[in-house]
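Asks: Here it is, the structure, as structure tokens.
The values are calculated or read from the model by the stated rules, or taken from the named source; none is laboratory data. Just so it is clear, the structure is predicted and the values come from calculations on it, not from any experiment. Because the Cβ atoms are built from the backbone with ideal geometry, glycine has one as well, and the counts that use them run over all protein chains shown. Areas reflect the complete protein model, heavy atoms only, side chains present, ligands, DNA and RNA absent. Shrake-Rupley method; radii C 1.70, N 1.55, O 1.52, S 1.80 Å.
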Amino acid sequence: MAHMLKSTNQPLSEAYKLALLDLDGVVYRGKNPVEHAAENIRKAESSGMTVEYTTNNSSRLQAVVADQLKGFDLEVEPWQVITSSVVAARMVARAVPEGSKVFVLGAQHLREEVSKQGLEVVDRAEEQPVAAIQGWYPDMSWNEMAQIAYAVEHGATYFVTNRDLTIPRELGIAPGCGSMIMAVINATGVEPVSSAGKPESAMYDEARVLAAHDGDDPVAKELCLAIGDRLDTDIEAGNRGGYDSLAVLTGVTNPNELMLAPAHLRPTYIAKDLRGLNESAPEVVHDEGAWRCRDAKARVDGDRLYVTDVTSVDGLRAACSAMWAAADSGRDVSGVIVPEFRIS
């Protein structure tokens, strides 16, 4: 069966060497820390785990994010923050000759990262850049959008930091980088050749390279654990890249989404919050027509999912296994009536 839950005999922080942690919804919500996050990150690090923070945000400097995390009593160096600007700049540098002209539309952070890679940042299509890279920042103008469209139209290889259509702001939901990218695509008919942000796996691939020091080999993929609250970005990126993943319930994802998740959005492990990082993952087994995780059982019978415990993560693990197995057997589970979970 595809993408079913795994188990471990030791805490995840000991079974894996590198944690690839999403930020918003996992470590913090806006300016506020997520409960249990910081203490369990520190505990994981004390067990020998390296932690890197991965974010699709292309506008915030690594040092700024690190300082915010230090405010939660975490010890964080700027290199541990992997932004989509860092990843995008490295992607472009591998694709074009050193010293090439690159049109950059984005925040100062993106411009600095491109310069660090030995590339020349330009702002006008007339300078004939060989590549163009588009990020997000709030002061983006129509003229800047037109210039990158001209550059792409004239043959510049088109890269983007991420394709998130929306971005949460203080007053509500605003157009994100992906919406701005669509304007360039509509004007030129050209799709980006690559995106640095999740759900592409490039961010995780770069993170394990950057976690290696003093010329060491990149951290082995099987020793990396992607951790996030969104199935369609954090978890999908892990599945696309062949990484194990942990979904936590402190942000966007809810039990219903997990139970109905198609194979490409299913995590390897499920936990309520980051306390699960320092716990072993219990086994889920198929037993007498039901799926069992310790004392909790779940089974699909007719048009209904029955779960013996809707207050525990074990119950959710069993429920997900039952629903996923049913879906993998060819059943349409969208109409199955599922119980409401109230995980304490």
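Asks: Of a type in the set (D, E, K, R), under 27 Å from Ala281 (Cβ atoms), surrounded by fewer than 23 Cβ atoms within 10 Å (Cβ to Cβ) and out of contact with any strand residue (DSSP E or B) (no Cβ under 8 Å at 6 or more places or on another chain), is that true of Glu35? Full working, then the answer.
Replies: Values: of a type in the set (D, E, K, R): yes; under 27 Å from Ala281 (Cβ atoms): yes; surrounded by fewer than 23 Cβ atoms within 10 Å (Cβ to Cβ): yes; out of contact with any strand residue (DSSP E or B) (no Cβ under 8 Å at 6 or more places or on another chain): yes.
Yes.
Asks: Answer yes if at least one residue in the stretch 3-13 is touching a helix residue (DSSP H, G or I) at 6+ places or on another chain (Cβ under 7 Å), closer than 30 Å to Glu283 by Cβ, surrounded by fewer than 17 Cβ atoms within 10 Å (Cβ to Cβ) and at pLDDT below 95, and no otherwise.
Replies: yes
Asks: What number of residues within the stretch 235-267 satisfy the criterion of being more than 23 Å from Arg42 (Cβ to Cβ) and polar (S, T, N, Q)?
Replies: Result for the stretch 235-267: 4.
Asks: For the stretch 219-242, give me each residue that is modelled with pLDDT under 95 and surrounded by fewer than 18 Cβ atoms within 10 Å (Cβ to Cβ).
Replies: Asp232
Asks: Further, regarding this structure: Where in the stretch 33-108 are there helices (runs of 4 or more DSSP H), lying wholly inside it, with at least 1 residues that are under 20 Å from Arg163 (Cβ atoms)?
Replies: 84-95
Asks: I need the full set of residues from the stretch 123-135 which are assigned to a loop (DSSP other than H, G, I, E, B) and either of a type in the set (Phe, Trp, Tyr) or open to solvent by 10 Å² or more (accessible area, probe 1.4 Å) (or both), in order please.
Replies: Result: Asp123, Arg124, Gln128, Pro129, Val130.
Asks: For the stretch 181-207, which positions are part of a loop (DSSP other than H, G, I, E, B) and either open to solvent by less than 30 Å² (accessible area, probe 1.4 Å) or of a type in the set (Asp, Glu) (or both)?
Replies: Those that are part of a loop (DSSP other than H, G, I, E, B) and either open to solvent by less than 30 Å² (accessible area, probe 1.4 Å) or of a type in the set (Asp, Glu) (or both): Glu191, Pro192, Ala196, Gly197, Lys198, Glu200, Ser201.
Asks: Would you say Ser13 is in a helix (DSSP H, G or I), among the small types (Gly, Ala, Ser), in contact (Cβ under 8 Å) with a residue 24 or more places away in the chain and in contact with an Asp or Glu (Cβ under 7 Å, 6 or more places away or on another chain)?
Replies: No; evaluated as a whole, the condition is false for this residue.
Asks: Name the residues in the stretch 335-344 that are under 17 Å from Thr253 (Cα atoms) and crowded, with 19+ Cβ neighbours inside 10 Å, would you?
Replies: First pass over the stretch 335-344, keeping only residues under 17 Å from Thr253 (Cα atoms): 338-344.
Residues satisfying the conditions are Val338, Phe341.
Asks: When the stretch 79-109 is examined, which residues are found to be surrounded by fewer than 19 Cβ atoms within 10 Å (Cβ to Cβ) and under 24 Å from the mean Cα position of the chain (by Cα)?
Replies: Correct list: Trp79, Arg94, Ala95, Gln108.
Asks: OK, next. Looking at (1) out of contact with any Phe, Trp or Tyr (no Cβ under 8 Å at 6 or more places or on another chain); (2) in contact (Cβ under 8 Å) with a residue 60 or more places away in the chain; (3) open to solvent by less than 10 Å² (accessible area, probe 1.4 Å), find the lone condition where Pro282 falls short.
Replies: Here Pro282 meets the rest and fails (3).
Asks: Could we say that Glu120 is free of Cβ contacts under 8 Å to residues at least 40 places away in the same chain and surrounded by fewer than 18 Cβ atoms within 10 Å (Cβ to Cβ) here?
Replies: yes
Asks: Being over 25 Å from the mean Cα position of the chain (by Cα) and surrounded by 22 or more Cβ atoms within 10 Å (Cβ to Cβ) is the filter; apply it to the stretch 308-334 and report the residue that is farthest from Ala271 (Cα to Cα).
Replies: Ala322
Asks: When you scan the stretch 153-160, do you find a residue that is touching a residue at least 40 places away in the same chain (Cβ under 8 Å), within 24 Å of the chain's Cα centre (by Cα), part of a strand (DSSP E or B) and buried (at least 19 other Cβ atoms within 10 Å of the Cβ), even just one?
Replies: yes
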